[in-house]
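Q: My questions will all concern the structure given below.
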Amino acid sequence: MAPANTKIRRATREDIDVLGDICYRAFGAIAEEHSFPREFPSLDAAVGVLTSMISNPGFYGIAVEVDGRVAGSNFQDERAPIAGIGPISVDPEVQNSGAGRAMMQHMLDRVAQHRMPGVRLVQVAYHSRSFSLYTKLGFETREHLSVMIGSPIKETIPGYNVRVATDADVAACDRLHFAAHGHERGRELRDAIKAGTANVVEHLGRITGYATAIGYGGYAVGESNNELKALISAATEFAGCGPLIPSRNGELLRWCYSNGLRLMQLNTLMSVGLYNEPRSPFIPSILY
């Protein structure tokens, strides 16, 4: 239950400028406190991310008011059976007011009310307060992620052809994702196809991997690391920061290093509810 001085309501387009400013300042303050680069490099970047979420009916967004003033926001991607939470931000001026916890609990309550089998998020590992909060709320740590940054590689992997994804590829991609994770993400893939950011990999005449984008804004799966290498190599730009490589995938990490990418920070993939151990290589988005 939210503290008495807080109110949670649906975020609207009229909130975008205020919420974008709060998001930019909140993430920036935490990064600077720990001497790490900003995840949102500019105010426009933060506003753009929040605009895309508020404008997409597949997302559920909330704003929190503290003592009658807008003080933060949180978003939940509901385009797949497994929901993804984030970004959550609270105005630095009212940190530790309970607003962040109230927004997280609101999302978890919504997941339960709608009988979603699970929910996930990715948090930045240096922010120990958020890790502690999420753990107290029931989240389990599932993966440590290495955020890789640098210039796009723009190479090819012999035998693995990358091309733009189309709607005709969705069924094959859904089968790949289900085989890897036990659920589909077709609606998110269709949005990426519409936006022109999704690619598939073909090997020996069939689709063996795909990505909605490479970087914070997208996820990828493949039957082997070769598919992921091909998708990363084909990216002309990274969506947000670079790809979030599962740190235990040493082969893929070493390949990233050998191709000029470098480590920005470590993140943590966490979940509540249904979680299947991945059965093939993958790259999560900043949501999961």
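Q: Starting from segment 255-266, take each residue that is in the same structural domain as Asn225 (by TED's automatic domain parsing) and more than 23 Å from Ser35 (Cα to Cα) and list its partners that are outside any strand (DSSP E or B) and β-branched (Val, Ile, Thr), counting only C-beta distances under 8 angstrom and pairs at least six apart or across chains.
A: Listed pairs, sorted by first residue: Cys256/Ile232; Asn259/Ile153.
Q: Output the residues belonging to segment 237-264 that are surrounded by fewer than 19 Cβ atoms within 10 Å (Cβ to Cβ), at pLDDT 95 or above and within 26 Å of Gly48 (Cβ to Cβ).
A: Arg262, Leu263, Met264
Q: Ok, one more. Might you check whether a residue that is in contact with a helix residue (DSSP H, G or I) (Cβ under 7 Å, 6 or more places away or on another chain), of a type outside the set (A, V, I, L, M, F, W, C) and surrounded by 19 or more Cβ atoms within 10 Å (Cβ to Cβ) occurs anywhere in segment 141-154?
A: Taking every residue of segment 141-154 in turn, at least one turns out to be in contact with a helix residue (DSSP H, G or I) (Cβ under 7 Å, 6 or more places away or on another chain), of a type outside the set (A, V, I, L, M, F, W, C) and surrounded by 19 or more Cβ atoms within 10 Å (Cβ to Cβ).
Q: Which members of segment 101-123 meet the condition of being out of contact with any helix residue (DSSP H, G or I) (no Cβ under 6 Å at 6 or more places or on another chain) and aliphatic (A, V, I, L, M)?
A: Ala102, Met103, Met104, Met107, Leu108, Val111, Ala112, Met116, Leu121, Val122
Q: Next up: How about segment 229-263: which of its residues are touching a Pro at 6+ places or on another chain (Cβ under 8 Å) and either closer than 19 Å to Gly186 by Cα or of a type in the set (Asp, Glu) (or both)?
A: Glu237
Table: residues versus (1) buried (at least 24 other Cβ atoms within 10 Å of the Cβ); (2) basic (Lys, Arg).
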| residue | (1), (2) |
| --- | --- |
| Pro37 | no, no |
| Gly61 | no, no |
| Val66 | no, no |
| Arg79 | no, yes |
| Ile82 | yes, no |
| Gly86 | no, no |
| Ser89 | yes, no |
| Ser97 | no, no |
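For (1) farther than 18 Å from Ile286 by Cα; (2) aliphatic (A, V, I, L, M), each residue gets a yes or a no:
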| site | (1), (2) |
| --- | --- |
| Lys7 | yes, no |
| Gly48 | no, no |
| Ile54 | no, yes |
| Gly98 | yes, no |
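Q: Which of the following residues is modelled with pLDDT of 95 or more and at positive phi: Ser42, Ser35?
A: Unique residue meeting the criteria: Ser35.
Residue by residue, here is whether (1) within 18 Å of the chain's Cα centre (by Cα); (2) more than 23 Å from Thr141 (Cβ to Cβ); (3) of a type in the set (Asp, Glu); (4) assigned by TED's automatic domain parsing to the domain that holds Pro37 holds:
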position	(1), (2), (3), (4)
Ile82	yes, no, no, yes
Val90	no, no, no, yes
Glu93	no, yes, yes, yes
Gly98	no, yes, no, yes
His106	no, no, no, yes
Arg110	no, no, no, yes
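Q: Still on this model: Of all residues in segment 163-211, count the ones that are assigned to a loop (DSSP other than H, G, I, E, B), crowded, with 23+ Cβ neighbours inside 10 Å and of a type in the set (A, V, I, L, M).
A: Total meeting the criteria: 2.
The values are calculated or read from the model by the stated rules, or taken from the named source; none is laboratory data. For clarity, every value in this text was computed on a predicted model and none was experimentally measured. When we count neighbours, we look across all protein chains shown, and the Cβ atoms used for this are built from the backbone with ideal geometry, even at glycine.
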